[in-house]
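Please read the structure below before turning to the comments.
The values are calculated or read from the model by the stated rules, or taken from the named source; none is laboratory data. Predicted, not measured: the structure shown is a model, and the values here were computed from it. Please note: Cβ atoms are built from the backbone with ideal geometry, for glycine as well, and neighbour counts cover all protein chains shown. These accessible areas exclude ligands, DNA and RNA; they are computed on the full protein's heavy atoms, side chains included. Shrake-Rupley method; radii C 1.70, N 1.55, O 1.52, S 1.80 Å.
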Amino acid sequence: MLEVRQLRKNYGSFEAVKGISFTVKQGEILGFLGPNGAGKSTTMRMVTGFLPPTSGTALIGGHDIVETPIPAKALIGYLPENAPVYPEMTVAGFLDFVAGVRGYCGAERARRVDSAVECCRLGAVRHQMVETLSKGYKQRVCFAQAVLHDPSLLVMDEPTDGLDPNQKHLVRDMIKTMAAEKAIIISTHILEEVEAVCTRAMIINEGRIVAEGTPVELKARHPSGRLDEVFRSLTQGTAEKTTKR
Amino acid sequence: MMNAFTGNMFEIFKREFRAYFASPVAYVFLVFYLMLIGFLTFFVSRFYEANQADLKYFFFWFPWVNLLLVPAATMRLWTEERRTGTLELLMTLPVTLPQALVGKFLAAWLFMMIGVLLTLPVVFTTIYLGSPDAGAVIGGYAGAILLSGAYVAVGTLTSAMTRNQVISFVIAFVICLFLALAGWPPVMEIVNKWAPGWLVNGIASLSVMPHFESLQRGVIDVRDVIYYVSVMALALFGAHLVLENRKSS
């Protein structure tokens, strides 16, 4: 479903991503792990077509995100970091806008909005302005826009960041229910999340993939058998650089 | 049936246009716009004392009122997308940058057109009092709408350049002020002192004013329309370049 080929991104002389390649198949949930500033968000932004790569590309269902961005983007659902949503719109108004841009019209458009509202349990706030919503609801509104068109590839940048334990549980449940017919990538620095939802994980450090495998395989890489020890041994000692802008 | 380009452009346009009216700011803005035009026409230009049912003084003020208010109406367009992070959402939807740019530009332009057309009661009053030349009225409004379109395009460009609304406002104001004053004799005298003749003429020909005045005479000249359309196209093209480069740096 997704094939990433030698993605590279330079910001001036700083190499944020240094040639990353991987594939994600339907039914897989790939966890993207790494310290802050490792290049997780940059990689996701290139895969989803927000940032043009310095070199390399990503194929989504065979469509090149650099050469033919529109058909590629049509297959992607993306939940950016911090779940941005237009604050002055109502939940239903916002989802209706996204459905329109995704090319739905008439009854199908209304049906898509309804099912996204239902799937993300937004019925209670349907006609409320986004700016009046709590963080957990905002996150779900943005999640709803990402799954509205039933995308084959779902990319989520820290989907549970800043949520309370109940909300985290809800988001993970939603991810798992959709997993079978989609390819999913989630970035996180919550290690328990990888064990809870991912079928495969990749640890990124300083713009490179430093480890890859199922959560079980990764854990076996350290005598303690704990994922946080593996993570620390692979990524520690590197100065924290932030590329968040 | 709309094709894919206009379809998505229309969705962006609709969203942006509705965003103006999502808060009371739009109404405050429109009331202020009308009060300012009315005040300048009736009190500063002394419309009644001129004793002529003529709209010359009314149209005279449009470039100056728009100079102040168009940058305020456009400063939000791209700065807010960037500040709130929705730019990332918008640019990962299956939308092209030209669709988003033109959609937003048209929404802001239509909003300004509402302001311009809400001044029509002044025209009705004048028609009641006398008989202004219909051609001049239509030409004057066409000029005011085209002029606001050119300013809106400049404002779209400056809002793409920064994530700060105030900076967008100030830069748009300065560029529009330049477009209004280029060719004005006191300004041209300063330029004349040091610039070669071709440059002086070049600067003077950038001015919006001669085009606005010639439309007011009731003659819709293709050259004036081409001038305004070129300013819009150039500013939007600039905004496209800025947004493309911002993304990659």
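Here are the numbers for this structure:
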read-out	value
Simple spin-label estimate for B:Leu120 and B:Trp194 in nanometres, 7 Å along Cα-Cβ	4.9
Built amide H within the under 5 Å cut-off of A:Asn205, gap 5+	A:Val210
Number of partner chain Cβ atoms within 10 Å, mean per residue of A:82-93	4
D_trans [Stokes-Einstein, Kirkwood Rh over alpha-carbon pairs] for the range A:62-208, 20 °C, 1.002 mPa s, µm² s⁻¹	134
Per-residue mean of C-beta atoms belonging to partner chains within 10 Å, peptide A:101-113	2
Relative packing of B:171-179, B:133-141, A:5-13, B:23-31, which averages over residues the other C-beta atoms within 10 Å, highest first	B:171-179, B:133-141, A:5-13, B:23-31
In Å², nearest 10: area of A:Arg226 left accessible to a 1.4 Å probe	120
For A:Gly213, distant residues with modelled amide H under 5 Å away	A:Ala201
The range B:100-176 versus the range B:178-205: alpha-carbon centroid distance in Å	25
Value of Rg to Rh for the range A:82-150 (Rh from inverse mean 1/r over Cα pairs, i.e. Kirkwood)	0.93
Euclidean distance of C-alpha centroids, the range A:164-180 and the range A:84-102, integer Å	22
Gaussian network model of chain A, springs between alpha carbon atoms under 10 Å - residue of A:Gly56, A:Gly207, A:Gly77 with greatest fluctuation	A:Gly56
Calculated [θ] (222 nm, deg cm²/dmol) that DSSP helices of n ≥ 4 give over chain A, each run adding -39,500 (n - 2.57)	-10500 deg cm²/dmol
Rounded, prolate or oblate (a/c below 1.5 giving rounded, otherwise prolate when a/b exceeds b/c) for chain A by Cα gyration tensor	prolate
Rounded tilt (10° steps) of A:165-178 against the dominant C-alpha axis of chain A	90
Pair B:Val187, A:His189: separation of 7 Å Cα→Cβ label points (nm)	5.1
For the protein assembly as shown: rounded, prolate or oblate by the Cα gyration tensor [a/c cutoff 1.5]	prolate
Rounded FRET efficiency, nearest 0.05, which uses the C-beta distance separating B:Val229 from B:Val31 and R0 of 30 Å	0.50
Solvent-accessible area, 1.4 Å probe, carbon plus sulfur percent, for chain B	72
Rounded accessible area of B:Thr74 (nearest 10 Å², 1.4 Å probe)	0
Shielding by partners - mean other protein chain Cβ count within 10 Å, residues of B:191-197	0
Cα-only radius of gyration and Dmax that characterise chain B, units Å	19.1, 60
Antiparallel bridges, percent of DSSP beta bridges restricted to the protein assembly as shown (to nearest 5)	55
